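Enquirer: Sharing a structure here in C-alpha cells format.
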Amino acid sequence: MEAFNLYTRLAARGQLDRLEAGDYFDDDDVRNLLDRYVNAVQCVILPDADKLYLVPLATESEFHISNDAFKKQYMPARAVNMDIYLLYMAIIVLFGCFYDSYQTNEAAEFVTMSRWLESMDARMEAMKNHDEDFLRGMEKEFEFNWVTIRDKWLDMDSLKENVKNQDARNMSRVGFLNQARNFLLQQGLLENVGNMEMCLTEKAKNIYVSYYMDSEYNRGLLDFMYSCDHKAAPADTDGKAHGEDAAMEQMGQAATGQRGDEA
C-alpha cells in the first residue's frame with residue numbers, strides 16, 4: 001500500500017521530496033514495487049539528493065508532454081514544432097559545454113551565455129559546411145530534419161544580438177537561448193550564478209549520467225552532432241530507428257520531469 005501511495009503522489013505532482021519518500025530508499029519491497037508501477041506507464045524514477053522525479057521515457061506514456069501542450073506552456077505564441085526541436089538541440093549543446101563535448105563525466109563549474117552561443121554557432125556552421133546530400137542522408141538515417149533546424153538558427157537575426165533586453169520576441173539567437181535558459185531554470189536544471197553565468201543543478205547532473213551518455217537513449221545522436229566538425233559520418237548508428245519524437249524528445253523532455261497535463 002505504501003508503494004501505491006507514493007506512486008499516486010508522484011503521478012500527481014511529478015516529484016516528491018526525499019523526506020516524504022523515505023520508504024523508497026529504506027525498503028527494498030517498496031522500491032521494487034514503485035519501480036514496477038512507473039515502468040508500467042513507461043516512466044522511470046530519477047532520484048537526487050533532495051527529490052524523486054517521475055520522468056517519461058516514451059511518447060506513448062500518459063505523462064508525455066505533447067508538442068501542442070509544450071508550446072502553449074513554454075514557447076512564444078508563434079512557435080512551431082521545429083522551435084521545440086531547436087530548443088532541445090540547444091539544451092544538448094549546453095550540456096556539451098558543461099561536459100567538454102561529452103568527453104567527461106565531470107561538469108564545468110559554470111558556463112557563460114556567450115560560450116553557449118559560440119557553441120551553438122559552431123555546431124550550426126559545421127553542418128552548414130557539410131554537403132547538402134550528406135545532411136539529407138543523415139535526415140533519413142536519424143529521421144530528423146537537420147537542414148531545417150540548421151537554417152532556422154542561421155536565419156535568426158544576428159544584427160539584434162546587442163539589443164539590451166533579449167527575449168524570444170527579438171527573433172535573435174541570444175533571445176532564443178534566453179528562452180531556453182528560462183525553461184531550464186523553471187525546470188530546476190540550471191541556476192544563475194551572476195554575470196550571465198550558469199551552473200547545473202544536481203537534477204541536471206543526474207539526467208546527464210542517466211541519459212545523455214547512454215547509447216540506448218541518444219542512439220548515435222551525439223556522435224553525429226560532434227562529428228560534423230570533421231565532416232564524417234557518426235561512428236555508431238546502431239539502433240537508429242528514432243525520429244524527432246524519439247531522439248530530441250527523449251533527452252530534452254527527460255529534463256523536465258513534468259506531467260503531461262501540467263504543460
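The values are calculated or read from the model by the stated rules, or taken from the named source; none is laboratory data. Just so we're clear, the structure is a prediction, and the values are computed from it rather than from any experiment. Keep in mind that these areas ignore ligands, DNA and RNA; they rest on the heavy atoms of the full protein, side chains included. Shrake-Rupley method; radii C 1.70, N 1.55, O 1.52, S 1.80 Å.
Enquirer: What pairs from 51/205; 128/205; 71/152 go past 21 Å between their alpha carbons?
Expert: 128/205
Enquirer: OK, next. Using amide H atoms built in the peptide plane, which far-off residues or other-chain residues are under 5 Å from residue 51 H to H?
Expert: 18
Enquirer: With all protein chains present and a 1.4 Å probe, how do 132, 118 order by accessible area, largest first?
Expert: On the way: 132 75, 118 115 Å².
Descending accessible area places them as 118, 132.
Enquirer: Additional query: If you roll a 1.4 angstrom probe over the protein chains with everything in place, what fraction of the accessible area of region 14-57 belongs to carbon and sulfur, to the nearest %?
Expert: Solvent-exposed carbon and sulfur of region 14-57 make up 44 percent of the total.
Enquirer: Let me ask you something else. Please work out the C-alpha center-to-center distance from region 1-28 to region 62-112 and express it in whole Å.
Expert: Cα centroid to Cα centroid, the span is 28 Å.
Enquirer: Hey, another quick one. Rounded to a whole number, what is D in µm²/s for region 34-130 from Stokes-Einstein with the Kirkwood radius over alpha-carbon pairs (25 °C, 0.890 mPa s)?
Expert: In µm²/s, the coefficient rounds to 152.
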